[in-house]
Amino acid sequence: MSEPILSIRNMHKWFPGVHALNNAQLELYPGEVHALVGENGAGKSTLIKIIAGVHDFTEGEYFYQGKPTDITTPLQAIEQGIAVIYQELNLVEDISIAENIFIGQLPKTKRGRVLWKELYDKTRAILAELELNVEPQTRVQYLSTAQKQLVEIGKALSHNAKVVIMDEPTSALTPKEIASLFKIIRTLKERGVAIVYISHKMDEIFNITDRVTIYRDGQYVCSDLTKNFTEQSIIAAMVGRELHEMYPKTPTEVGDVVLDVQGLCADRIKDITFNIRAGEIVGFSGLMGAGRSEVAKAIFGVNPRTAGSIKVNGKEVPVNNPAAAKDMGIGFMSEDRKLEGNLGNMSVADNITIASLAHFSKNGHMLRSMEEKGVDQQIKALNIKTPSPKQLIVKLSGGNQQKVLLARWLIKEDLKVLIIDEPTRGIDVGAKAEIYSIIDALTKRGLAVCMMSSELPELLGMCDRIYVMRGGRITNEFSRSEATQELLMKSAIN
């Protein structure tokens, strides 16, 4: 094997009161796809930011191309051929693809005039390599998520990157787009580019990577060829325990119909009819753009309803009125925690109680002791890992943020229906198992749960019934005993 292009040895990183990295190790070789895995909070993000020059390190060694590195800023990392494609893409939406790809290195005359033809020609060559059939002048804001991700890869190519780090690159991609991304990754690998691939999706790790390095609680656990691992051995190393039952679905007595939807029409969805009974988990499957999220938002009143009826326990839910839907016992968790879920500049406590302020107030005054007791109960019941209820929610891991959003609705004593869109997106396997257990426990309380998900295993593992959508319509319904991945995918495509 050749010499590693990048080595992290015995590295430690301290933040105030937190030992974020404890004896971190990583060996990255040219022409390999190297999975970096671990639960949220395991130290992956800190390690990436040190490699990329965002953070310095407290002690240890960082070698790049066989020499101790002098990388101390992101610009230096980029100039030396290290590119990071973060889960939250770092593009300027209102300028062109070409300007984004060559930002900071636009071809210019000695007087500073941009050589636009040269810029567009260089960009076309990169776009052709990425098989992205769009014009260089196109503004990034008009691209799909998958296309934006390719533009990020294009930026790396423009800098002749020797190391590319991809953080959860497929979290918002369709199966077809994932296949295209994997093709590009294999092309980069053939060129000798070293790729660090961060993902919670085990099928992707075994599909695309050559080696795996595992972290837990800020510490290096082990590293080996991917073929020498099993899914269970990776999970056990990540969480420090065996997860024999990822989907803890237990038998529940199903009651009367709680949510009844008839002929629902809204933007991108038509004639949606289904129901959910007390104690039942009903899933919605389908490819990206099939209409799952639109159904969830239409029920809650965020996506304006143009026809149809929605009833909770036989009572009509007012049209396009999220406040009324909430008051009638409907809770809604969006697929986008960052933009539509979290109140990022507010505390854990405030995020939990924001939908129940009336319950914690009297005559216009907040009952603080009652509020604090309710928050503490939810933090304990859901095992939310936070140093304090006053901690900003954005400081928590993805799994703990999701549990805070669950707590927002579970603290409501009158909750009858919980709609969860992508319940475990971007969440590690340990947190996934906890969230599945919470959802299963909710059904024992008689709650009706509606789960929209792009992950077929969690639908098959958790749902009593599954509806499949295509083109804004329901195409099929399967019971738990009938449903298989093959049937769900066939109904979503044909």
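Summary of values
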| quantity | calculated |
| --- | --- |
| Subset tally (residues that are closer than 16 Å to residue 409 by Cα and open to solvent by less than 40 Å² (accessible area, probe 1.4 Å)) for segment 313-327 | 2 |
| Scan of segment 15-43 for residues that are within 30 Å of residue 433 (Cα to Cα), at pLDDT below 90 and of a type outside the set (Val, Ile, Thr), ordered by number | 15, 17, 19, 20, 38, 39, 40, 41, 42, 43 |
| Subset of segment 416-473 [within 23 Å of residue 273 (Cα to Cα) and of a type in the set (Gly, Ala, Ser)] | 446, 448, 453, 454, 471, 472 |
| Any hit, segment 350-362, residues being assigned to a helix (DSSP H, G or I), surrounded by fewer than 20 Cβ atoms within 10 Å (Cβ to Cβ), in contact (Cβ under 8 Å) with a residue 12 or more places away in the chain and over 25 Å from the mean Cα position of the chain (by Cα) | yes |
| Elements of type helices (runs of 4 or more DSSP H) in segment 404-494, at least 1 residues being within 21 Å of the chain's Cα centre (by Cα) | 429-444, 456-462 |
| Residue that is under 22 Å from residue 234 (Cβ atoms), touching a His at 6+ places or on another chain (Cβ under 7 Å) and not in a helix (DSSP H, G or I), where the choices are 26, 21 | 21 |
| Any pair with Cβ under 7 angstrom, 6 or more apart, that starts in segment 469-493 at a residue that is more than 16 Å from residue 174 (Cα to Cα) and ends at one that is assigned to a helix (DSSP H, G or I) | 475/491; 476/491; 478/487; 483/460 |
| Residue match in segment 372-393 (condition: modelled with pLDDT of 90 or more, part of a strand (DSSP E or B) and more than 30 Å from residue 260 (Cβ to Cβ)) | yes |
| Residue satisfying all of: in segment 45-57; in a loop (DSSP other than H, G, I, E, B) and touching a Leu at 6+ places or on another chain (Cβ under 8 Å); nearest to residue 194 (Cα to Cα) among these | 53 |
| Cβ pairs under 7 Å, 6+ apart, first in segment 64-91 and within 14 Å of residue 54 (Cα to Cα), second open to solvent by 50 Å² or more (accessible area, probe 1.4 Å) | 71/80; 72/56; 74/54; 78/159; 83/159 |
| Residue pairs meeting the criteria (Cβ under 8 Å; at least 6 apart or on separate chains; first of a type in the set (A, V, I, L, M) and modelled with pLDDT under 90, in segment 453-464; second surrounded by fewer than 20 Cβ atoms within 10 Å (Cβ to Cβ) and in a helix (DSSP H, G or I)) | 456/485; 456/489 |
| Residues that are assigned to a helix (DSSP H, G or I) and out of contact with any Pro (no Cβ under 6 Å at 6 or more places or on another chain), drawn from segment 309-332 | 322, 323, 325, 326, 327 |
| Boolean, residue 7 is modelled with pLDDT of 95 or more and either open to solvent by less than 70 Å² (accessible area, probe 1.4 Å) or within 22 Å of the chain's Cα centre (by Cα) (or both) | yes |
| Residues of segment 160-180 that turn out to be open to solvent by 60 Å² or more (accessible area, probe 1.4 Å), farther than 30 Å from residue 292 by Cα and not basic (Lys, Arg), as a count | 1 |
| Test: residue in segment 215-222 that is under 23 Å from the mean Cα position of the chain (by Cα) and of a type in the set (Val, Ile, Thr) | no |
| Lone qualifier among 112, 43, 104 - being of a type in the set (Gly, Ala, Ser) and either closer than 25 Å to residue 215 by Cβ or buried (at least 18 other Cβ atoms within 10 Å of the Cβ) (or both) | 43 |
| Segment 193-206 - residue that is touching a helix residue (DSSP H, G or I) at 6+ places or on another chain (Cβ under 7 Å) and open to solvent by 10 Å² or more (accessible area, probe 1.4 Å) and, of those, nearest to residue 489 (Cα to Cα) | 202 |
| Qualifying position, being modelled with pLDDT under 95, more than 29 Å from residue 39 (Cα to Cα) and of a type in the set (Gly, Ala, Ser), among 325, 290, 236 | 290 |
| Meets criteria (over 27 Å from residue 455 (Cα atoms) and either of a type outside the set (Gly, Ala, Ser) or modelled with pLDDT under 90 (or both)) for residue 143 | no |
| Filter result (among the charged types (D, E, K, R), open to solvent by 10 Å² or more (accessible area, probe 1.4 Å) and closer than 14 Å to residue 337 by Cβ) within segment 378-408 | 395, 408 |
| Residue satisfying all of: in segment 135-159; of a type in the set (Val, Ile, Thr) and surrounded by fewer than 18 Cβ atoms within 10 Å (Cβ to Cβ); nearest to residue 29 (Cα to Cα) among these | 145 |
| Qualifying residue in segment 181-192 (condition: farther than 24 Å from residue 64 by Cα and open to solvent by 30 Å² or more (accessible area, probe 1.4 Å)) | yes |
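Each row is one residue, and each column tells you yes or no for (1) open to solvent by less than 10 Å² (accessible area, probe 1.4 Å); (2) among the small types (Gly, Ala, Ser); (3) in a strand (DSSP E or B); (4) over 23 Å from residue 471 (Cβ atoms).
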| site | (1), (2), (3), (4) |
| --- | --- |
| 234 | yes, no, no, yes |
| 247 | no, no, no, yes |
| 254 | no, no, no, yes |
| 264 | yes, no, yes, no |
| 274 | yes, no, yes, no |
| 288 | no, no, no, no |
| 294 | no, no, no, no |
| 298 | yes, yes, no, no |
| 307 | no, yes, yes, no |
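The values are calculated or read from the model by the stated rules, or taken from the named source; none is laboratory data. Keep in mind the model is a prediction, meaning the values are calculated, not measured. So basically every Cβ, Gly included, is an ideal-geometry build from the backbone, and we count neighbours across all protein chains shown. Keep in mind that these areas ignore ligands, DNA and RNA; they rest on the heavy atoms of the full protein, side chains included. Shrake-Rupley method; radii C 1.70, N 1.55, O 1.52, S 1.80 Å.
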